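See below for the structure under consideration.
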Amino acid sequence: MKREKFSSKVGFVLACIGAAIGLGNIWMFPYRLGQYGGAAFLIPYFIFVFGLGTIGLMTEFSFGRRFKGGSSTGLSKILKDKGIKFNRLISLIPAIGLMGVFMFYNIVIGWIIKYFGMSITGNISKVDIPNYFNSFAGTSSSIFFNFIAIAITLGIVYLGVTKGIEKINKIIMPALFIIFILLAIRSLTLPNAMEGVKYLLTPDFSYLLKPETWVMALGQAFFTVSLNGCGMVVYGSYIDKDFDIPKSAFSTAVLDTSAALLVSFVIMPAVFSFGLDPQAGPPLLFITMPTIFKSMPGGHILSVIFFLSILFAAISSSINMLEGPVEALMEKTKITRKKASILVALIGFILSIPLNLSMSGFDNFTNLITIVISPIATLIVALTFYFMHGADNVLEEVNIGAKRKLGDGFIVMGKYVFSITTICVIVLGIVYGGIG
């Protein structure tokens, strides 16, 4: 079968931004920014996201384009050529890991769909919000909405790269930024909103002397650009030789960070205006913000717009999570995209049912995937590409189509700094119980 490709460079970058902008930007970045020194936190974050995150993106884009396939294709070829045992199984680890992310992530998207629907009907203002979320999440009531979330993602991936993935991201990514800007303007006009701005931006440089600040900045930077050894590799496999990989990686990091900063100015000024907890974490979406909208003039409309924007961000990431294992199944079995999409989505839904029924099971599964499997998959791709395929081949691939050619410094960063840092992400994730 002729391999699909992105029809434009803009479409590719928007798809990558869509994959990168996810719920971690929305419920994690704002409170980490405030918790770890305000604007001072941006120093280590920028170092890691532009110094290492972009290296990771370039590595995964190049790996996919080099072998004209997902990570399973490139890994199995290299490992087989090197006589590595169990090469088929090892090559599937990135796709299996991303499948795991797809499973728990779409449960959360189901929660978002539920709250979006309640915002439209106005029922969200009629319930006891803190108790309602606890009575809904982790119960059979969430299964139906999980199914809807997977069905939406399936419908897009089913259509293919250009007609589905690229087309939808060209619509929802610009819309997402416009909505974030409008919501930020409204949030900044609330009484006492400037306290939220001070919380975000007043630098406390003493936090730079605390190792935990750097650890959390590393975790935020590593995971925010969606490094998992599979999703971005697959997107990279759909681009031509004239695509500028370094520029695309940098653009993805810049716009992903811009979205995280924008949503910080949506959430934190509102949180401080209503005297709520700025360090609530995930409950910011499902308890704190609904509580704010319930008390805010025009909150009904704002609630609809807010959850629509969150849905856009979540679905754009979910598309990438489904595309990874779908592409792997297509390559291994040679079945059609339509059959592979339906099969993977169905398996994902069935396997995620137990996670809907237990929050402790959900949390344990999420930790296993995000703390261990995903970064290990990233490490496998990096080590295989740089150390087995060869640094010269990597440099050749990353420079094809690039206006500004990279040199040996890129290889040093990718081969040693990025690989060692990925190992640190795994170890620190286990020690801290998650850093991203």
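The values are calculated or read from the model by the stated rules, or taken from the named source; none is laboratory data. This one's a predicted model, so the numbers in the text were calculated from it and none came from an experiment. FYI the Cβ positions are ideal-geometry reconstructions off the backbone, even for glycines, and counts take in every protein chain you see. Note: areas computed on protein heavy atoms with side chains; ligands, DNA, RNA excluded. Shrake-Rupley method; radii C 1.70, N 1.55, O 1.52, S 1.80 Å.
Here are some notes:
- Relative to one another, the C-alpha centroids of the stretch 174-219 and the stretch 309-381 are positioned 30 Å apart.
- Measuring nothing but how far apart in sequence close Cα pairs (under 8 Å, 6+ apart) lie, relative to its length, the stretch 75-199 scores a relative contact order of 19 percent.
- When the helices of the chain are scored as -39500 (n - 2.57) per DSSP H run of n ≥ 4 and the total is divided over every residue, the value at 222 nm lands at -22500 deg cm²/dmol.
- Our coupling estimate for the stretch 143-158, obtained by passing each phi through the Karplus curve with A = 6.51, B = -1.76, C = 1.60 and θ = phi - 60°, is 5, 4, 6, 4, 4, 4, 4, 5, 5, 4, 4, 4, x, 6, 5, 4 Hz, Gly and Pro reported as x.
- C-alpha long axis of helix 337-356 to longest principal axis of the chain, angle in °: 50 degrees
- Lys, Arg +1 and Asp, Glu -1 on Cβ, resulting dipole of the stretch 307-420 about Cα centre, debye, nearest 20: 320 debye
- Basic side chains Lys and Arg get +1 at the Cβ, acidic Asp and Glu get -1 at the Cβ, and with that the dipole of the stretch 178-317 about its Cα centre reaches some 260 debye.
- Rg(Cα)/(2.2 N^0.38 Å) for the chain, N = residue count: 0.94
- Our coupling estimate for the stretch 312-325, obtained by passing each phi through the Karplus curve with A = 6.51, B = -1.76, C = 1.60 and θ = phi - 60°, is 4, 4, 6, 5, 4, 6, 4, 4, 5, 5, 7, 4, x, x Hz, Gly and Pro reported as x.
- Each of residue 35 and residue 423 was given a label point 7 Å from its Cα along the Cα-to-Cβ line. The distance between the two points is 2.8 nm.
- Alpha carbon Rg of the stretch 160-243, scaled by the compact-globule rule 2.2 N^0.38 Å: 1.61
- Stretchable slack from residue 171 to residue 194, in nm (0.36 nm times residue separation minus alpha-carbon distance): 5.0 nm
- Under a model in which nothing but the beta-carbon of Lys, Arg (+1) and Asp, Glu (-1) is charged, the stretch 76-188 shows a dipole of about 480 debye around its Cα centre.
- Taking every lysine pair in the stretch 64-122 that is 8 or more places apart or spans two chains, those with Cα atoms closer than 20 Å amount to 4.
- With a Förster radius of 22 Å applied to the beta-carbon distance between residue 277 and residue 135, the computed FRET efficiency rounds to 0.60.
- Backbone geometry of the stretch 232-246 corresponds, through the Karplus equation with coefficients 6.51, -1.76 and 1.60 at θ = phi - 60°, to 3J(HN,Hα) couplings of 6, 5, 4, 4, x, 6, 9, 10, 8, 5, 8, 7, 8, 5, x Hz, x marking Gly and Pro.
- Heavy-atom accessible area per residue - the chain, 1.4 Å, Å²: 38 Å²
- A Förster radius of 35 Å combined with the Cβ-Cβ distance from residue 431 to residue 343 puts the calculated FRET efficiency at roughly 0.40.
- Mean separation of Cα contacts under 8 Å, 6 or more apart, over the residue count of the chain: relative contact order %: 34 percent
- The length gained on full extension between residue 123 and residue 258, counted as 0.36 nm times the residue separation minus their Cα-Cα distance, comes to 45.4 nm.
- Along the axis of the charge dipole computed for the chain (Cβ charges of +1 for Lys and Arg, -1 for Asp and Glu, origin at the Cα centre), the listed residues 275, 288, 395 are led at the positive end by 395.
- Spin-label model, residue 47/residue 242: points 7 Å from Cα along the beta carbon direction are separated by 4.1 nm.
- Positive dipole terminus of the stretch 101-194, leading residue within 118, 145, 183 (C-beta point charges): 183
- The calculated FRET efficiency for the pair residue 81 and residue 208, based on their C-beta separation and a Förster distance of 45 Å, comes to about 0.50.
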